[in-house]
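Notes for the one structure printed next.
Just so it is clear, none of the values below were taken in a lab; they were calculated from the coordinates. All values reported here derive from a predicted model rather than from experimental measurement. As a convention, Cβ positions derive from the backbone with ideal geometry for all residues, glycine included, and neighbour counts pool all protein chains shown.
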Amino acid sequence: MSTGGRGDVRLLRASNALGRFLVVILLTYLGLLAVTFFIGRVIPIDPVLAIVGDRAPEHVIARVREELGLNKPLWEQFYIYVSKVLQGDFGRSVLTSNPVMQDIRRTFPATLELATLGIIIGAGIGVPLGVWAAVRRGRLVDQIIRIVGLVGYSVPIFWLGLMALVVFYARLGWVGGPGRIDVVYEYTLVPVTGLLLLDTARAGEWEAFANALSHLILPASLLGYFALAYISRMTRSFMLNELAQEYVVAARAKGLSESRIIWRHALRNAMVPLVTVIALSYAGLLEGSVLTETVFSWPGLGLYITNSLQNADMNAVLGGTIIVGSIFIGLNLLSDLLYTLLDPRTRTR
């Protein structure tokens, strides 16, 4: 076959792969919108009564229901819902009277900052621990690391958060308490990105930076411990599989050092599936930090959704759910892309 013919075949394969990729994104996101829409209709909370109150006259209730389009057929409501969501319009929050997207822009940076530091701690410690446990399989070190991971799985994170506050904040005073920053800095700092560590560092406010870090380190460490438990376990599993491969036996026969075999060869191959584990763990921290944010009064998306649910603010709940679901979709697709880049064998499929 000529070079031009091979190039056309590659282009056709790439186009087909891109087309399938876009169809998967479209169908997944449409499914997410369908689920959130029907949850909003099935849940026993009337959004009209949440706005006007249960003592409003019937004509007021009917007028608001008509203004919201809730008197239209279900398929038409879904069409309107999808059209508005694609424009970034999630409606107004009953709790804050602001557009839901505005509230999400305000609260999401706090969750992003918390989850990002948490996954850095979880992956930065969990991967080496998992490698160490695999190399020392069956020994005391392996048993200790597995117990540490088991505790991270078993103990409720809200209980750990309360105990950590009692010990490290109330008794020892090593860290800041609930909230993102002390009140003395809260109204003097001009937010740019919403990420306090970045904003204070850019402004050169190092005292405020230290204060924000002291508030962040404890909840981020708890989330990091939660991620560490899963990441270390999966790393151990992947490494045990790689260390049993023939190329490791061949490398040892050639006289390569054990550290080079472990870190340069086995871990490199184990990182291919591990990337997906870390990406999904990160997504889990972004959506699963509700209890942590509640315990630490962390003004993030999780606390916002919790407060909205308690006040029957379904626009805010569904808007936050869509954002979280979109994050899951995005990180899952990113992990698939990284998987392809790390493993050349997948590019020929």
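Worth a mention:
- Relative contact order (percent, whole number), the range 70-165, Cα cutoff 8 Å, 6+ residue spacing: 10 percent
- Positive minus negative residues near residue 213 (Lys, Arg vs Asp, Glu; Cβ under 14 Å): -4
- Viscosity 0.890 mPa s, temperature 25 °C, Stokes-Einstein D of the chain from Kirkwood C-alpha radius, µm²/s: 104 µm²/s
- Relative to the Cα centre, the charge distribution of the range 137-269, modelled as +1 at Lys and Arg Cβ and -1 at Asp and Glu Cβ, gives a dipole magnitude of about 840 debye.
- Estimated 222 nm signal from helices in the chain, with DSSP H stretches of n ≥ 4 weighted -39500 (n - 2.57), rounded to 500: -24500 deg cm²/dmol
- Stretch gain in nm, segment residue 26-residue 163, where the contour uses 0.36 nm per residue and the Cα spacing is subtracted: 44.9 nm
- Residue exposure sequence - 59, 215, 265 - by fewest surrounding Cβ within 10 Å: 59, 265, 215
- Placing R0 at 30 angstrom, the Cβ-Cβ distance between residue 76 and residue 280 gives a FRET efficiency of 0.25 after rounding to 0.05.
- Förster radius 22 Å - calculated FRET efficiency between residue 172 and residue 210 (Cβ-Cβ, nearest 0.05): 0.80
- Remark: the residue 341-residue 154 segment gains 63.8 nm on full extension, using 0.36 nm per residue and subtracting the alpha carbon distance.
- Highest GNM mean-square fluctuation among 251, 133, 110, for the chain modelled with Cα contacts below 10 Å: 251.
- Per-residue Cβ neighbour rank within 10 angstrom, fewest leading, 340, 107: 340, 107
- Integer Hz, Karplus 6.51/-1.76/1.60 couplings in order for the range 197-206, x for Gly and Pro: 4, 5, 5, 5, 5, 5, 7, x, 8, 6
- Projected label points at residue 139 and residue 245, each 7 Å from Cα along the beta carbon direction, are separated by 2.3 nanometres.
- Relative to one another, the C-alpha centroids of the range 189-250 and the range 326-341 are positioned 19 Å apart.
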